[in-house]
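The values are calculated or read from the model by the stated rules, or taken from the named source; none is laboratory data. Here the structure is a predicted model, which is why all the values come from computation and not from measurement. Reconstructed Cβ throughout: ideal geometry from the backbone, glycine too, with neighbour counts over all protein chains shown. Ligands, DNA and RNA are stripped out before the accessible areas are found, and what is left, the full protein with its side chains, is counted by its heavy atoms. Shrake-Rupley method; radii C 1.70, N 1.55, O 1.52, S 1.80 Å.
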Amino acid sequence: MPKLPRWWWIAPVLLVVAYVALQTQSTGNDLRYDELLAKIRADQVQSVVLEGNTVRGELKQGDDRARAFTSTRPEDPRFVPLLEEHGVRVRAMPESRGSWMSWLWMLLPLLLLFGLFSRLAAGAGGGGPGGALAFGKAKGKIFTERDVSVTFEDVAGVDEAKQELREVLDFLREPDKYRALGARIPKGILLVGPPGTGKTLLARAVAGEAKVPFISISGSEFVEMFVGVGAARVRDLFEQAAQAAPAIVFIDELDALGRSRGPGNLVGGNDEREQTLNQLLVELDGFEPLGEGKRGAVVILAATNRPEVLDPALLRAGRFDRQVVVDRPDRAGRRKILEVQTRKVPLHEVDLDAMAARTPGFAGADLANLVNEAALRAAREGRDVVTMADFSAAQDRVLAGLEQRSRLVDPEERRRVAFHECGHAIAARLGGSDSKVHKVSIVPRSIGALGFTMQMPERERRLFTATQLRAQLVALVGGRAAEELVFGEASTGAADDLRKATDIARAMVLEHGLSDAVGPVSIERRNTYLGGVASDLDVGPTVANAADAEVRRLVEDALASAKALLVRERPRLDAMVEALLEAEVLEGDALDRHLA
Ligand code: ADP
Ligand code: MG
Ligand code: ZN
């Protein structure tokens, strides 16, 4: 069935209106009553049809169009006798036809309402695949993919998550084996991790590996739906899954619809979302993962990057009680993702290992973006291979926005930026941190940063000692230290550095118990997946004040150390700044010479 436009139902209604209008707007001349009487008296009227108070008729003269007339008569006892008197042919009609039309008029608003409601109902109820009349079809669309081509091969660097999902594959493939053993299968599996780490990709890969349909919907779309539609759509989702079984149901961005129903939510009137969430809980509870009888298994996957806001009811046993963490990749993982992402890209002497080393913190999606940018650059320059230079440029671009060499920079400002960046580099190299400085640049970017210093840990770390963190602080405030030292005062250029330094110092004091003054207690908990918003401090004012003072002391100490270091290394700093102002970018051997 072809898809009808949104306002399809307006068309028949308009037709009815037009028809009725034409009917009542009778053909012929409209005569006033006195004109009609005059014509009858002048013997000009051939015949009339009386229908209620309407008089339609024909005159004796003129062609067909000119002869027809209509008029309306008052209650006049002389009228019919007058007709008789002048020999006019009279036909009387029952009033029903007239009232049929007035009925239509009265029904019109009802028709309109009916049209509207049937649209709403179609959107809420039907709306399965092919349900052409669905209201708000674009929103909350249930996608059904039958032949997913993504496999585990396409997802790299998340081996632990893959391992856990292999089990799911097994019972999608051989549900009987599990049925026979009476095993309890996890109903819902929640993929948890930062944005861009491949959660959606993984879910599709499970469907692709198991060769089952992938039925998906995004939680954020539920939120925009009309009242009652969300709940109906959830019902649909599970119905479709049951029919397609064995299948995978995937709810992306579960947090959007599964947000905790706290007292705070009562105020805003989130009835709709609550209904949707309740429906989801109901469906989850009533669902049999292995299906009954001959029906195949259905596995429900969901993804979120904000597990902490989910309603606890969702995470209870028998619902999304299995969580799979999809974390940012480590260096080896990044190398594998780069391999996957460059499978179809013709590379020329590109060292993916080096690229992996230079991209800590990048998620899979960032790496995909990097590869794409590199390929775009090669294409722009008319080459048919992508080189390491493309990757370097792409990385700068992905990291800090577009390069704008042409932008004029005030020479004094440029000097300040050069000192700032070299301050970072020297403080990082000689301030006790074990990370290596890869690149120093004063090429201005379109977004914010006037320059940057790229430093990377020599090896991936999971644990940091207080000494290592203090060294990181020294490196972070090195830029400001150099500015204060050389120009006598700091500038606004160090805001981002200070924010990062403060974050680290705060975490040391409040989270990890790494400061002497506050001691080995953990006061604040953060969402470790996102480094997200800190919760309120659960301590008295004394401890809070002590913690504040301690955070400040840590950053101030770091600044003092960095300054002392730069005073000692002033000749090195000056030489490096000269070289940087000359070359704009220092990396590789040129950089190492200055930092040796
Ligand atoms: P998420 O759902 O976690 O936000 P996506 O699955 O949407 O992330 O990832 C977006 C894109 O980034 C993917 O389509 C893929 O191209 C790339 N990508 C992300 N993670 C990986 C990975 N682990 N391996 C390969 N490619 C990845
Ligand atoms: Mg996603
Ligand atoms: Zn800086």
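If you place +1 on the Cβ of every Lys and Arg and -1 on the Cβ of every Asp and Glu, how big does the dipole about the Cα centre of the range 315-402 come out, in debye to the nearest 20? Present the calculation step by step, with values, prior to reporting the outcome.
Working: 15 positive and 13 negative charges, 95 e Å.
Dipole size: approximately 460 debye.
Put 187, 563 in order of accessible area, largest first, 1.4 Å probe: what do you get? Please report the intermediate quantities before stating the final value.
On the way: 187 30, 563 65 Å².
Output order, biggest surface exposure first: 563, 187.
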| task | Run the 1.4 Å probe and let me know the accessible area of residue 476, rounded to the nearest 10 Å². | result | 30 Å²
| field | Environment charge of residue 590, counting only residues whose C-beta is closer than 15 Å and scoring Lys/Arg +1, Asp/Glu -1 | value | -2
| note | Expressed in angstrom and rounded, the centroid-to-centroid distance over alpha carbons for the range 172-194 and the range 313-333 is 15 Å
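Given a 1.4 angstrom probe, what's the average accessible area per residue across the range 331-400, in square angstrom? Mind showing how you got there, number by number?
Values: 3240 Å² over 70 residues.
With the other protein chains kept in place, the range 331-400 gives 46 Å² per residue.
Given a 1.4 angstrom probe, I'd like the percentage of the accessible area of the range 271-399 that is carbon and sulfur, rounded to a whole number.
On the way: 2760 of 5830 Å².
Exposed carbon and sulfur together represent 47 percent of the surface.
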| request: Send over a whole-number figure in Å² for the accessible area per residue of the range 141-325, probe 1.4 Å. | output: 43 Å²
| request: Can you pull the one-decimal nm distance between simple spin-label points at residue 73 and residue 47, each 7 Å off the Cα toward Cβ? | output: 1.7 nm
| said: Can you give me the solvent accessible area of residue 515 with a 1.4 Å probe, rounded to the nearest 10 Å²? | reply: 10 Å²
| Using a basic spin-label model with each label point 7 Å from the Cα along Cα→Cβ, how many nm lie between residue 315 and residue 113? | 4.7 nm
